[in-house]
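This report concerns only the one structure given below.
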Amino acid sequence: MNNILSWNTHIDLLVKKLSKACYIIRNAKTYISAPSLKMIYHAFFSLCYELWSYIWGNSWHSSISFRLQKKVIRLMEGCRNRVSCRSLFKKIQILPLKSQYMLSLLMFVVQYRTLFLTNTENYNLDTRQRTSSLVPPPYRGEEV
């Protein structure tokens, strides 16, 4: 049994899937409209990011998928490799991976609010952030 928790296998599969999406969008760009390209993008990229970004979105592996996301955005807009994607993301109205990661985390916290404690419930000290900050639940797993 492997005692090391790693996302390498998952990320490798994800990169292959997203690379296929790049290929599909590159070849379909001449035949279909921009809204259709955006639908293809959402079918491949957004679905993967929405399902898994809150788990691995802060790892160093996310930079690989972010580069693929920028590549696809440039393909969809017909831009060269060195063009900044910041304005392209706004134009197409698509969230970059880091923004999608933050949104996923916020949605998780809102959906599972009952799992988190406030500082008031966790500490007796009177601090400025006593009522506003959330504290993650204590880990109750097995000791390693």
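Throughout, read-outs are computed from the coordinates displayed, never taken from laboratory work. None of the values given here were measured: they were computed from a predicted structure. With ideal geometry, Cβ positions are generated from the backbone for all residues, glycine too; neighbour counts draw on all protein chains shown.
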So Lys91 and Arg113, fully extended at 0.36 nm per residue minus their Cα-Cα distance, gain in nm 4.6 nm
Just the projected area, averaged over all directions, of the convex hull on the alpha carbon atoms of the stretch 8-96: how many nm²? 5.5 nm²
Among Thr30, Thr118, which comes first, then next, by fewest other beta-carbon atoms within 10 Å? Thr30, Thr118
For each of Ser62, Ser33, Ser19, count neighbouring Cβ atoms within 10 Å of the residue's Cβ, then give the residues from fewest to most. Ser33, Ser19, Ser62
